[in-house]
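Peer 1: Just dropping this structure here.
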């Protein structure tokens with residue numbers, strides 16, 4: 001039962017700090033120094049002049065930092081450690097002031113007890129069971145990843161995505177290190193996740209996966225077709241597959257069409273220097289030699305003379 005707030009010495013309040021670190025909040029410290037403590041701390045009475053803090057850890061640390069000796073507190077009846085965790089968790093899931101790392105530790109602590117499961121925790125905290133499960137889905141994430149991520153304020157949930165990538169442990173560690181060092185963000189991890197689920201990705205040898213991932217990171221493209229191009233290119237480097245080959249074939253035709261459009265620009269073609277024309281002619285000749293075509297263009301079958309002959313994986317035309 002809640003009582004009227006009363007002043008309690010900070011030295012009489014015990015902290016349960018297993019789930020959070022001492023946190024500095026300069027804006028909160030400034031606010032309290034100017035306006036005082038607007039929201040009382042919530043404590044439970046353990047004995048005479050002995051209390052345990054339930055809610056208000058950031059405020060407690062701010063008061064301590066400012067050299068305050070006491071604080072207004074709402075005093076509640078003593079409960080168990082687990083019940084206090086539920087109280088904190090219910091508040092923090094709704095205010096979203098705790099990090100996912102801290103919430104995960106609190107939920108896992110409750111699940112150590114036979115009394116609690118995800119359904120009960122969700123009910124007591126006023127959230128969906130899926131919300132609770134989200135914080136325990138990555139229970140197999142390596143502790144060293146989490147340690148670095150929490151230290152560098154990298155989001156927690158991307159580590160779960162990295163854990164479930166369809167690649168070997170060495171490459172997972174590589175991506176986790178980059179994420180933990182904040183060289184890549186959650187969106188990039190999401191793009192890598194999507195790329196590794198491509199059928200063509202499975203054809204890339206393990207020793208070349210890192211190179212492919214680096215190309216995806218370097219590209220940082222919002223256009224996923226660019227990422228798919230990287231995957232198919234690396235796949236074809238390893239071996240022939242019809243799907244990757246068809247993708248690259250269609251891409252080639254699109255690029256040729258773009259070149260044609262550029263050459264159709266009058267002020268572009270008409271103002272090419274002799275040297276520029278020589279360089280372009282050399283590059284185009286090299287491409288033609290790769291194909292080893294008939295000597296005369298007229299010798300090509302009629303339906304092969306247009307770069308618009310896009311195909312699907314079964315060789316069917318994509319042109320209506």
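Peer 1: Let me test this: with uniform point scatterers at the alpha carbons of the chain, what is the Debye-based log₁₀ I(q)/I(0) at q = 0.06, 0.14, 0.16 1/Å?
Peer 2: Log10 I(q)/I(0), no solvent term: -0.42, -1.14, -1.31.
Peer 1: To make sure I understand, if each residue's beta carbon is the centre and we count other beta carbons within 10 Å, what order do 125, 73 fall in, fewest to most?
Peer 2: On the way: 125 21, 73 27.
If I rank by nearby Cβ atoms, fewest first, I get 125, 73.
Peer 1: Which value in nm describes the separation of the simple spin-label points at residue 288 and residue 95, placed 7 Å from the Cα toward the beta carbon?
Peer 2: With each label placed 7 Å out from Cα toward Cβ, I get 7.4 nm.
Peer 1: Compute for the range 143-239: radius of gyration divided by Kirkwood radius, i.e. Rg/Rh, restricted to C-alpha atoms, rounded to two decimals. Write out the running numbers ahead of the final one.
Peer 2: On the way: Rg = 13.0 Å, Rh = 13.4 Å.
Rounded to two decimals, Rg/Rh equals 0.97.
Peer 1: For residue 147 and residue 183 in one chain, what is 0.36 nm times their gap in residues minus the Cα-Cα distance, to one decimal in nm? Intermediate values should be presented prior to the final figure.
Peer 2: Details: separation 36, 0.36 × 36 = 12.96 nm, distance 1.64 nm.
Result: 11.3 nm gained on full extension.
Peer 1: Mind giving me the nanometre distance, one decimal, between the label points for residue 80 and residue 123, set 7 Å out from Cα along Cα→Cβ?
Peer 2: 1.6 nm
Peer 1: Let me ask something else. Sum -39500 (n - 2.57) across every DSSP H segment of at least 4 residues in the chain, then divide by the residue count to get the 222 nm mean residue ellipticity, nearest 500.
Peer 2: Mean residue ellipticity at 222 nm (helix-derived): -16500 deg cm²/dmol.
Peer 1: Further, regarding this structure: Out of all DSSP beta bridges with both ends in the range 41-197, state the antiparallel percent to the nearest 5. Could the numbers behind the result be given before it?
Peer 2: Numbers: 5 of 9 bridges.
If we restrict to bridges inside the range 41-197, about 55 percent are antiparallel.
Peer 1: Still on this structure, I have one more. Between residue 223 and residue 270, what FRET efficiency comes out of the Förster formula 1/(1 + (r/R0)^6) with R0 = 35 Å and r the beta carbon distance, rounded to 0.05? Can you show the working numbers first?
Peer 2: Values: r = 32 Å, r/R0 = 0.91.
For residue 270 and residue 223, the calculated efficiency is 0.65.
Peer 1: Can you give the alpha-carbon Rg of the range 1-155 over 2.2 N^0.38 Å, where N counts its residues? Please report the intermediate quantities before stating the final value.
Peer 2: On the way: Rg = 16.4 Å, N = 155, 2.2 N^0.38 = 15.0 Å.
Normalised by 2.2 N^0.38 Å, the Cα Rg of the range 1-155 equals 1.10.
Peer 1: At what distance in nm do the modelled label points of residue 254 and residue 9 sit from each other, each positioned 7 Å from its Cα along Cα→Cβ?
Peer 2: 7.3 nm
Peer 1: What is the range 81-136 by shape, rounded, prolate or oblate, if you read a ≥ b ≥ c off the alpha carbon gyration tensor as root eigenvalues and call it rounded for a/c under 1.5, prolate for a/b larger than b/c, and oblate otherwise?
Peer 2: Values: a/c = 1.33, a/b = 1.23, b/c = 1.08.
Rounded, since a/c falls under 1.5.
A short reminder: the numbers here are calculations on the coordinates, not readings from a lab. Every value quoted in this text rests on a predicted model; they were computed, and no experiment measured them. For neighbour counting, all protein chains shown are included, and Cβ atoms are generated from backbone atoms with ideal geometry for every residue, glycine included.
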